[in-house]
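Peer 1: I'd like to ask some things about the structure below.
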Amino acid sequence: MATTASFHQQLIEKLRKLLRSRRFVPRAQFLTEREIAERFKTSRPTANKALSSLVSAGLLEIRPGAGTFVREGVLDYDLERLVSFTDKAKASGKKPGTDLIEFRKVTAAEVDPQITKQLRVSAEAVLFYLERIRLADGRPVIFERRYIIAAHCPSLTKADAKGSLYAAWTTKFRLQITGAEETIRAVNATAAQAKHLQVRRGTACFQIAATGFISGEQPLWHEETLYRADVYEFRNRIGGLGAAMGRLSL
């Protein structure tokens, strides 16, 4: 007999399958909580929970007073936790892909001192350098330049770089990724960046400069990644004012 958790996951997968059908094109109204409950013989709270999961995954959007609708092809960037692009694309019903432009080893002495400072490495340290274009259903959505400390994953391969680096780090190299420090700003794509992303020069994009860490707060990578603003949406949940703030006279 299926557990409540497994039934919930099965229901989400059935709804995802519906979303991939021709009936539910972008901007189309999706099933209501009541319709889901009746169609899949479940309770309305369970139907509501499944709908909420699809909203959180960025597949649906709620329009107050109108209902729940299929979202355009927008990918979410989760500001609260690290999520693999591969996993996020799959969760959004898209096929992830990677064009590996460059993959080679360099010494830290060859790299911008600001980057080696972030990585806390000496000039003799060996780094992997890679450039990738991440694809969603064959469409370029991210242009990435990344430096990785080779000592933490010495046998990293091109095949690893063409897939999910997070998966390679956590599975193949048994690294525990503890988080990243990110800086996000709006930029206009240069001619070279625009060519990689198949947009016009000067197109608005999000740029993230980030340093990622493993256990012991050791740096593992530094990246400068460009996200297409017409494809990506940055989402976050902000908590309320604390009790101390609540006592202030506003």
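The values are calculated or read from the model by the stated rules, or taken from the named source; none is laboratory data. This one's a predicted model, so the numbers in the text were calculated from it and none came from an experiment. No Cβ is skipped: glycine too gets one built from the backbone with ideal geometry, and neighbour counts run over all protein chains shown.
Peer 1: On the basis of being over 21 Å from the mean Cα position of the chain (by Cα), among the aliphatic types (A, V, I, L, M) and in the same structural domain as LYS14 (by TED's automatic domain parsing), does ALA109 make the cut?
Peer 2: Values: over 21 Å from the mean Cα position of the chain (by Cα): yes; among the aliphatic types (A, V, I, L, M): yes; in the same structural domain as LYS14 (by TED's automatic domain parsing): no.
In short, no.
Peer 1: Among the numbered criteria (1) out of contact with any Asp or Glu (no Cβ under 8 Å at 6 or more places or on another chain); (2) polar (S, T, N, Q); (3) in a strand (DSSP E or B), which single criterion is violated by GLN193?
Peer 2: Exception for GLN193: condition (3).
Peer 1: Is it the case that segment 79-98 has a residue that's of a type outside the set (Lys, Arg), loosely packed, with under 15 Cβ neighbours inside 10 Å and modelled with pLDDT of 95 or more? If you could, list the steps in order and put the result at the bottom.
Peer 2: Filtering segment 79-98 down to residues of a type outside the set (Lys, Arg) leaves 79-80, 82-87, 89, 91-93, 96-98.
Now restrict to residues that are loosely packed, with under 15 Cβ neighbours inside 10 Å: 79-80, 82-83, 87.
Among the residues that remain, those that are also modelled with pLDDT of 95 or more are: none.
No: zero hits.
Peer 1: Then there is this: Which one is farthest from the chain's Cα centre (by Cα), of the residues in segment 129-139 that are surrounded by fewer than 20 Cβ atoms within 10 Å (Cβ to Cβ) and hydrophobic (A, V, I, L, M, F, W, C)? Write out each step before concluding.
Peer 2: Restricting attention to segment 129-139, the residues satisfying the condition of being surrounded by fewer than 20 Cβ atoms within 10 Å (Cβ to Cβ) are 129, 131, 133, 135, 137-139.
Checking the rest, the ones that are also hydrophobic (A, V, I, L, M, F, W, C) come to 133, 135.
Working: ILE133: 14, LEU135: 12 Å.
Of everything passing the filter in segment 129-139, ILE133 is farthest from the chain's Cα centre (by Cα).
Peer 1: Could I ask something else about it? Can you list residue pairs whose Cβ atoms sit under 7 Å apart, with the first residue in segment 98-118 being touching a residue at least 60 places away in the same chain (Cβ under 8 Å) and the second being among the charged types (D, E, K, R) and in a strand (DSSP E or B)? Count only pairs 6 or more apart in sequence or on different chains.
Peer 2: If the second residue must be among the charged types (D, E, K, R) and in a strand (DSSP E or B), the pairs left are THR98/ARG132; THR98/ARG134; LEU100/ARG132; ILE101/GLU131; ILE101/ARG132.
Peer 1: Kindly list the number of the only condition in (1) over 30 Å from LEU31 (Cα atoms); (2) among the hydrophobic types (A, V, I, L, M, F, W, C); (3) at pLDDT 85 or above that fails for LEU54.
Peer 2: LEU54 satisfies all of (1) over 30 Å from LEU31 (Cα atoms); (2) among the hydrophobic types (A, V, I, L, M, F, W, C); (3) at pLDDT 85 or above except (1).
Peer 1: Right, something else. Which residue out of ALA151, ALA189 is in contact with a Leu (Cβ under 7 Å, 6 or more places away or on another chain) and in contact (Cβ under 8 Å) with a residue 24 or more places away in the chain?
Peer 2: Working: ALA151 fails: in contact with a Leu (Cβ under 7 Å, 6 or more places away or on another chain).
Exactly one of ALA151, ALA189 is in contact with a Leu (Cβ under 7 Å, 6 or more places away or on another chain) and in contact (Cβ under 8 Å) with a residue 24 or more places away in the chain, namely ALA189.
Peer 1: Among the residues of segment 8-50, which ones are in contact with a helix residue (DSSP H, G or I) (Cβ under 7 Å, 6 or more places away or on another chain) and among the β-branched types (Val, Ile, Thr)?
Peer 2: Those that are in contact with a helix residue (DSSP H, G or I) (Cβ under 7 Å, 6 or more places away or on another chain) and among the β-branched types (Val, Ile, Thr): ILE12, ILE36, THR42, THR46.
Peer 1: Select from segment 202-225 the residues that are polar (S, T, N, Q) and touching a helix residue (DSSP H, G or I) at 6+ places or on another chain (Cβ under 7 Å) and write down the one among them that is surrounded by the fewest Cβ atoms within 10 Å (Cβ to Cβ). Step through it out loud before you land on a result.
Peer 2: Of the residues in segment 202-225, the ones polar (S, T, N, Q) are 203, 207, 211, 215, 218, 225.
Next, only the ones that are touching a helix residue (DSSP H, G or I) at 6+ places or on another chain (Cβ under 7 Å) stay: 203, 211.
Values: THR203: 16, THR211: 20.
Once the filter is applied, the top-ranked residue is THR203.
Peer 1: Still on this structure, I have one more. Does segment 130-150 hold any residues that are among the basic types (Lys, Arg) and within 16 Å of TYR166 (Cα to Cα), and which are they?
Peer 2: ARG132, ARG134, ARG145, ARG146 - these are the residues of segment 130-150 that are among the basic types (Lys, Arg) and within 16 Å of TYR166 (Cα to Cα).
Peer 1: Right, another one. Filter segment 84-116 down to the residues that are of a type in the set (A, V, I, L, M, F, W, C) and touching a strand residue (DSSP E or B) at 6+ places or on another chain (Cβ under 8 Å) and list them by number.
Peer 2: First, the residues of segment 84-116 that are of a type in the set (A, V, I, L, M, F, W, C): 85, 89, 91, 100-101, 103, 106, 108-109, 111, 115.
Across segment 84-116, the qualifying residues are PHE85, ALA89, LEU100, ILE101, PHE103, VAL106, ALA108, VAL111, ILE115.
Peer 1: Here's something else I'd like to know. For segment 149-174, give me the residue count where each residue is surrounded by 13 or more Cβ atoms within 10 Å (Cβ to Cβ) and assigned to a helix (DSSP H, G or I).
Peer 2: Residues meeting the conditions: 11.
Peer 1: Please return the ranges of strands (runs of 3 or more DSSP E) entirely within segment 203-250 where 2 or more residues are modelled with pLDDT of 95 or more.
Peer 2: Working: elements: 204-214, 218-228, 232-235.
Correct list: 204-214, 218-228.
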